[in-house]
Structures are given as structure tokens and as C-alpha cells.
Amino acid sequence: MAHVIKTLKKDWATYGGSTIMTLILVYGAQGFRSFGSTARTLYFKNKFSLDPSELPLVSASITVAWYIKPLYGLISDSFPLFGYRRKSYIVILGLIGVISYATILISENLFLSILALILGELSQAGIDVICDGYMIEKARIDPEHGANDLQRISWSSLFLASIIGLLVGGNAADYVDPKYLLAMLAICPVLVLISAGILDEKREIKQENYSSLKELKSKVSILCKEVVKVKVLKILSFVILWQSSMLIFGDIFTYYLYDVIEISPSTVSYYSLTGYIGAFIGTVIASKHLINIPLVWKLALGRVLNSVILLFDIVILTSYYKVIGLSYLWFLFGPSALGSAIDSLLGRMPLLVIFADITPKHIEATFFALLASVYNVGSSISEIFISAIMNGTGITDSTMPNVWVLTVISIVVGILSLVILFILPNEENKKITTAQDDFENSAKILEEPLISKTHN
């Protein structure tokens, strides 16, 4: 604890109290959104009676705001409002977030509820991009350690707030109507609004609109030239196909936990928390000892191991745990932690190394945001496939005896998807990264809002 306080004092003196408090508030608010993760499923399940085949489509719709992340950065960097490139946009997006979550209290319409949550995500996605730019700017104060120092502060705030949000929100879901819990997420944009008041940003001299438009066109031109390169197009195609082929029937599995096993919402939140901690431990610690093998083999190994871990879902869905005389909890919490660790270590980490390899200079933040958006689009496409498969097979009810068949489909598709690896350029297939390379990218993985492809 003494070391933590000493480090915080050093960072406070180096980067300024306003910078530290801004990062703590913004990323803490982002992490605390986990408070509503359990409530959101219950909200759509109980209030609107959505079945497991419909919920993936809702999830894909709600996350649409993350698909256009580069746009937020381009606009805020090119068109300052009232002389500010960050403060003004944070205030606007913060107000949008407060209004959107408050709307949940009065909404009796499915479309209005989805729209409110979309706007809430738009608020968070925009603020995330703007704060990332602010963090990059302040990191230049200490070129050698700035990026690591500020990333550590932002990630620590996000991680701690996520744990608190999951624990408090999950336990509250046992007693409180889900709509009130979702509405309470308005606390997050309120924290962001507070950060706008202390954010250290000098007002700029008024610029001509022509200059701003010229700057925007220049950035878009550079971005387009990079995107149409053959190597980049191959990697973007790979990412979309790779992510869309990872089919995780998490919604119907969660419904099964509620309807068949009759698990409590708080236990589901502990299940999610186990996965979250597993991702953290797997990325930060295990990456130090990971054997140095080509990236393509890491991706292949991750996909195969995830398919193996899905076998534990079948044990739960077929109630085989009763036959062998063990509690279902053994097959729920353990695989959750292990699966999330593998997903971070052998799924997202290699992809981020590839992203870093093709990211050009001068537009790093915008280009990386574009790559993250493509990743998220692929994840959402898989949600559409999941819904189509459930409707096609007729397995749309978690109480059906053959619900385990969906997990078998997931395993088969996961193994067959290995052929997609041949799309990667040859130089990426042969690229070998050290454990240190992976470790340096670990914090970025956990901080970048890539849509998770695990149950959690």
C-alpha cells in the first residue's frame, strides 16, 4: 500500500492532479458500467419477454456506437466547440448519457429502451476516444514512462470499478427491479461531467471552419490510403471472419442458469466476475511465461482450447454433473476463469500485436480505433449468426432438452474456422513475438473496449 501511495504521489507531481483525477473519473465510470450487466439481461428477459434468440440481436444493436469510433476522434480533433476539443464534447456526451439512462425509468416500449441504451453506449464510446487522445497528449510530459504510467492509472481505475460494479450490481439484482439498476447507470456519465470541470485543457483561439475541414480531409485521405493496401485489407477481412466465426451461445446459457438451475442474479454476477479476473490474471501474469511461437499458432491454439472448454458447458446443459455427483458450480466458475484467460492471452493479444504491426505513424489513435471497430463489427456479426442458428434449429427455449446441441455447433464451427488463418499475410503467419512483447500489449487489451466473446 505504501508503494502504491508513493507511486501515485509521483504521478500526481509529474502529470498534475487534474490529469490523474480526470483519468480516475472517466475510466472508473467506464468500469462501473458493469453494475448493470446482470440487470440488462433480466430487464429484457422479464419486462419484454425476449427469448434467447432475440437477445443477441439486441446486444448487436446496442453496441453499434462502438463501430464508428474513429469518427468521434476525427470530429473532436478537427472541430473544436467553444474553443475546446475535449471539454465541450465530454459535456455534450455526458449529458446524452445521463438522459439516455434516465429514459429507462419511463420507457414501456422495447424500441425506446434499446434506443436509450444505444445512446448510452454512444456517450461512452465517444468519451473513451476523447479521453484516450487526452491520455496520449499528457503522456508526452514523460516520453519514457508517460504511456505506461497513465495506462496503469486508467486500467487500475477501470478494473477496480468493474469489480465493485459487478459485486454491487449483481447483489442488488436479487432485490431491485432491473430497470432501476439500469437507470442508476446515469451515475457514470455524471462522473464524466465532473471530470470535464477539472480537465486540464486550454481554450484555443478560434479557428476558421475552412482550416478545420482541410485538416479533417487530410486525415481521412491518409486513412483511406492505408486501408486500401492489400496487406491491411487481408487483415481486416481476416478479423471480421475470425470474430464472426466464434459462436458463443452465452444468452441462452444464461437463461438456462436462471430458468432450469434457478440460479440467483448475484451468482451470475460472481460468474462474470470470475471470468473478468481470469482475463486479468491470464493476460498480465501468464504472458510472461508464454512460449515464443508464431502469432498464427497462438490464435489456432486459443481457438482449439476455447472449443475444449465449451465441453464443460455441455456437462451443465445435460445435467451430467448430477450423474458424477458434483456441483454445477465446479463446471461454471472454473471454466469461466480459464476460458476468459485463454481468450485474452491467445485471442485478443495476438490480434493486437498484428494491429500494432500495420498501424501507420501520425494517425495511430484513429487507425487503431478503426481496427478495434472492425473487431467489434465481427463480434456483432457472430451475434446475428447465433440468432439465425437458434431460429433455424428451433432451439430458442433454454428449457429444451436438446439445448446442448448449440454448444456442439459452436465447437464444430470453432474447429472449422481454423482455415480462416490462411487469409493472414505470410509475414504475419511467421511473426514470432516474445513474452515481453505480449506483456507490453496486455494493458492495452484490457483497456481497449473490444467486445468480449466469452459468456461473461
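The values are calculated or read from the model by the stated rules, or taken from the named source; none is laboratory data. Quick caveat, the model's predicted, so the values are computed rather than measured. Methodologically, a virtual Cβ is constructed for each residue, glycine included, from the backbone with ideal geometry; neighbour enumeration extends over all protein chains shown.
Observations, loosely collected:
- Hey, Ile127 buried (at least 21 other Cβ atoms within 10 Å of the Cβ), assigned to a helix (DSSP H, G or I) and in contact (Cβ under 8 Å) with a residue 12 or more places away in the chain or not: yes
- Verdict on Asp174 being surrounded by fewer than 16 Cβ atoms within 10 Å (Cβ to Cβ) and touching a helix residue (DSSP H, G or I) at 6+ places or on another chain (Cβ under 8 Å): yes
- Screening Leu93, Leu50, Leu57 for residues that are farther than 29 Å from Phe253 by Cβ, surrounded by 17 or more Cβ atoms within 10 Å (Cβ to Cβ) and outside the structural domain of Phe368 (by TED's automatic domain parsing) leaves exactly one candidate, Leu93.
- Matching residues in the stretch 120-174 - criterion: being among the aliphatic types (A, V, I, L, M), touching a Lys or Arg at 6+ places or on another chain (Cβ under 7 Å) and farther than 19 Å from Tyr72 by Cβ: Leu150
- Pick from the stretch 345-385, criterion polar (S, T, N, Q) and within 20 Å of Ser245 (Cβ to Cβ), ranking: surrounded by the fewest Cβ atoms within 10 Å (Cβ to Cβ): Ser373
- Flag if Ser53 is in contact (Cβ under 8 Å) with a residue 60 or more places away in the chain and closer than 30 Å to Met390 by Cα: yes
- The number of residues in the stretch 100-118 that are assigned to a helix (DSSP H, G or I) and surrounded by fewer than 19 Cβ atoms within 10 Å (Cβ to Cβ) comes to 7.
- Filtered residue count, the stretch 272-303, keeping only those that are modelled with pLDDT of 85 or more and touching a strand residue (DSSP E or B) at 6+ places or on another chain (Cβ under 8 Å): 0
- Wholly enclosed helices (runs of 4 or more DSSP H) of the stretch 166-234 bearing at least 3 residues modelled with pLDDT of 90 or more and within 25 Å of Ile106 (Cα to Cα): 178-183, 187-198
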